[in-house]
1. Go through the residues of the range 96-104 one by one and say whether even a single one is buried (at least 18 other Cβ atoms within 10 Å of the Cβ), in a helix (DSSP H, G or I), in contact (Cβ under 8 Å) with a residue 24 or more places away in the chain and in the same structural domain as residue 21 (by TED's automatic domain parsing).
2. Across the range 80-98, what is the total count of residues that are more than 16 Å from the ligand (Cβ to nearest atom) and touching a helix residue (DSSP H, G or I) at 6+ places or on another chain (Cβ under 8 Å)?
3. Can you find a residue in the range 161-175 that is at pLDDT below 95 and surrounded by fewer than 24 Cβ atoms within 10 Å (Cβ to Cβ)?
4. Scan the range 319-361 for residues that are assigned to a loop (DSSP other than H, G, I, E, B), touching a helix residue (DSSP H, G or I) at 6+ places or on another chain (Cβ under 6 Å) and more than 16 Å from the ligand (Cβ to nearest atom) and jot them down.
5. Residues in the range 140-154: is at least one buried (at least 18 other Cβ atoms within 10 Å of the Cβ), in the same structural domain as residue 326 (by TED's automatic domain parsing) and in a strand (DSSP E or B)?
6. Kindly check whether there is at least one residue in the range 283-297 that is assigned to a strand (DSSP E or B), away from the ligand (no atom under 16 Å from the Cβ), over 17 Å from residue 138 (Cβ atoms) and modelled with pLDDT of 95 or more.
7. So, in the range 163-174, exactly how many residues are touching a strand residue (DSSP E or B) at 6+ places or on another chain (Cβ under 8 Å) and more than 16 Å from the ligand (Cβ to nearest atom)?
8. Is one or more of the residues making up the range 122-132 part of a loop (DSSP other than H, G, I, E, B), loosely packed, with under 15 Cβ neighbours inside 10 Å and outside the structural domain of residue 27 (by TED's automatic domain parsing)?
Ligand code: PLP
């Protein structure tokens, strides 16, 4: 039996290797069954608030519990409260594409459980991260300027929000060091620029680094410009701020916006940033993954003029959550603003200046061995496998888009760039008002999600309510997309007949 001894007086070794072997096998079997049955669960959890607090005891167990009964509890009580992001019928938000290789990498990194704040704390963790970041740099054809072989380098953060915070701090410290005498005064004058399509985590990150929400300019975009940030509008906003005595600090461009996957033109916008000595960060959280394909790489044209670039491998590169890859062109920008040097961490390797101490590239001191999982993924699937994985989703998205385009009741609201299709019900001809289209589209989404068989999310752009179909699940196949299409038609038939 894979259970802990019950008597409290008995010595309990929480890392007994034989118990570990038996119990881990049970968990692996449990998860294998979960993946084989995942399609049977409602994709979006249907529980009511408080469902778990009303069910589970309000104090921890006094006696150790056997793993078998714990797993039974997971099955009975926890799984109903899970929204199944790994379901092949999950089409919401952006994908979270898990893989066996990433899972096994997580097992290894958790198994070693190192705390790799600096090189000495686990040299392999730091060096594997450098290797993986350089592999990815090549795969994305990022300029050498971002490489450790130049003045740049890459680091793994857990989320894009963390990369925003760190690059904002780097930009802030750089700017303040240039205007040494008026530091205190300048802090309140720093301005961040983005578009109204930029992810809200930039707003949060700006607040964290002390930039007032009043000094974050979300420049309006339009449907007619495919929701791209317009260079002239950016220039005008910056010039107005300069005239008002404010200090432009940071520009965030997005390749693959959250709402509609719009892609800002990097080259021309970086030129504006350069004129005003603004730090330019390119956030390609979702779409950066697609840029490993030669046919999508053009979305990163101009990246050589940015200061930093990040994407989330945990969105679409077969890697589990918590893997944002960030590169900077000048690594000292990060280390100057984020370094700490306490006595208890001093060591010869750090003193030699021949090693990277990643604690100086991020918010926290302690860090997980994240490169292990991405290395496992890259080794296990190879460049060809990774490219094929993304191409398959793009093909399915094109297929879904083609089905929509031949049905006059629907409109594809923005051009599909990657594997997200944004559509709506066209307002009924006698009314033609957007409100009518919005109401119908919202009801269609609610009705589809209400079945529990599929799950999608929405966006509102220029007052148009759109359904986003995000195709990118590891288990999603063409048959799932076809089933979704059948359901969309069936529910639209019912809705439009009323
Ligand atoms: N940027 C974009 C374009 C996103 O779509 C997201 C999340 O979906 C983020 C940033 C925030 O990412 P994270 O949750 O890793 O901070």
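The values are calculated or read from the model by the stated rules, or taken from the named source; none is laboratory data. These numbers come from a predicted model, not from an experiment. Cβ placement follows ideal geometry from the backbone for every residue including glycine, while neighbour counts extend to all protein chains displayed.
1. No, the range 96-104 contains no residue that is buried (at least 18 other Cβ atoms within 10 Å of the Cβ), in a helix (DSSP H, G or I), in contact (Cβ under 8 Å) with a residue 24 or more places away in the chain and in the same structural domain as residue 21 (by TED's automatic domain parsing).
2. Going through the range 80-98 one residue at a time, the tally reaches 5.
3. No, the conditions are met nowhere in the range 161-175.
4. Those that are assigned to a loop (DSSP other than H, G, I, E, B), touching a helix residue (DSSP H, G or I) at 6+ places or on another chain (Cβ under 6 Å) and more than 16 Å from the ligand (Cβ to nearest atom): 329, 339, 347, 355, 356, 357.
5. Checking the range 140-154: at least one residue is buried (at least 18 other Cβ atoms within 10 Å of the Cβ), in the same structural domain as residue 326 (by TED's automatic domain parsing) and in a strand (DSSP E or B).
6. no
7. 4
8. There is no residue in the range 122-132 that is part of a loop (DSSP other than H, G, I, E, B), loosely packed, with under 15 Cβ neighbours inside 10 Å and outside the structural domain of residue 27 (by TED's automatic domain parsing).
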